[in-house]
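Okay, so here's the structure we're looking at.
What follows draws every value from the coordinates through simple rules; no lab data is involved. What you see is a predicted model; the values in this text were computed from it and never measured. Ideal geometry is used to build each Cβ from the backbone, glycine not excepted, and the neighbour counts take in all protein chains shown.
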Amino acid sequence: MTIPLEPASPEHQLYLSQLAIYLRESRQILAAWDAYSDQHSDPDTHQPYDEDAYGLRQRQRDSDTLGAFGRVYDHADELVYVAEQQLAQLPASARTRRYAWQVRELRDSTKGLYAVHDDWLAVRRALPAHARPGTEAFEEPLAESYAEAWHYLDQWAIHGQALFAINALVQKQSKASAPALVTATPPMPKAAAASSAARRWCA
């Protein structure tokens with residue numbers, strides 16, 4: 001996170017809108033996966049009828065989920081940081097304590113996701129010269145990386161909605177106290193530039 005993100009700034013609203021798209025798409029991806037799993041697994045043992053086909057479909061789920069998160073990936077830590085700052089402005093309650101736990105889950109998941117990507121980069125550097133995209137020598141470790149990332153992506157799908165709830169509470173509190181406060185309007189921050197070290201998986 002190189003550029004501090006201002007709460008309620010245009011950039012913050014943009015990143016939240018991108019997160020909203022991910023939450024919607026991740027639900028669709030998971031629903032499609034659950035339907036496939038139910039249809040292609042034994043209802044009693046939950047074992048897949050065709051393990052090879054099942055594994056390939058699971059890889060597609062992992063890849064699709066990571067692809068959907070791509071628009072959030074570079075700013076995930078910034079979104080978590082802003083939520084932490086916003087929570088500090090809210091009075092303690094059972095609700096805000098739950099949100100705080102969810103934000104910690106998102107922070108840990110973001111760190112885990114970045115670590116998995118760093119591990120993949122190290123693996124990729126160590127691959128032999130013939131291991132190019134499309135070859136089994138490349139695709140197998142890449143699929144393993146996607147599989148490791150999926151848990152953290154799923155945590156974002158589960159807890160990401162908390163960032164919207166926190167933002168809404170802060171805005172409600174600000175509006176309620178606005179008539180009693182006279183504050184200077186902060187200068188509009190410059191639009192966040194794309195990170196020169198943008199983290200991307202290589203497909």
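Details
- Choice from A94, A147, A157 showing the highest fluctuation, given a GNM over the chain with Cα pairs closer than 10 Å: A94
- Simple point charges give the picture: +1 on the Cβ of Lys and Arg, -1 on the Cβ of Asp and Glu, and for the stretch 10-171 a dipole about the Cα centre of about 840 debye.
- Exposure proxy order (Cβ contacts within 10 Å, fewest to most) of D52, D119: D52, D119
- Rg in Å to one decimal, and Dmax rounded to a whole Å, for the stretch 41-85 via C-alpha atoms: 17.1, 49
- The C-alpha atoms of the chain define a longest principal axis, and helix 10-39 lies at about 30 degrees to it.
- Per-residue Karplus couplings for the stretch 119-135, computed as 6.51 cos²θ - 1.76 cosθ + 1.60 with θ equal to phi - 60°, are listed in order as 5, 4, 4, 5, 5, 5, 5, 8, 5, x, 4, 6, 7, 10, x, x, 8 Hz, Gly and Pro entered as x.
- Taking other C-beta atoms within 10 angstrom as a stand-in for reagent exposure, E6, E136 fall in the order E136, E6, fewest first.
- Max mean-square fluctuation residue, GNM over the chain, Cα-Cα springs under 10 Å, options L87, L19, L79: L87
- Overall form of the stretch 10-171 per C-alpha gyration tensor (a/c, 1.5; a/b vs b/c): oblate
- Exposure proxy ranking for H75, H40, based on other Cβ atoms within 10 angstrom of each Cβ and starting from the fewest, stands as H40, H75.
- Crossing angle, helix 51-73 versus the chain [Cα axis fit, 0-90 degrees, rounded to tens]: 30
- 0 to 90° range, to nearest 10: angle between helix 161-177 axis and the chain longest Cα axis: 10
- Interchain or long-range residues, amide H under 5 Å from S41's placed H: Y49
- Residue among A149, A31, A176 with the largest mean-square fluctuation in a Gaussian network model of the chain, springs linking Cα atoms under 10 Å: A176
- With contacts taken as Cα pairs under 8 Å and at least 6 residues apart, the chain reaches a relative contact order of 30 percent.
- If you take the Cα centroid of the stretch 24-98 and the Cα centroid of the stretch 124-163, the two points sit 14 Å apart.
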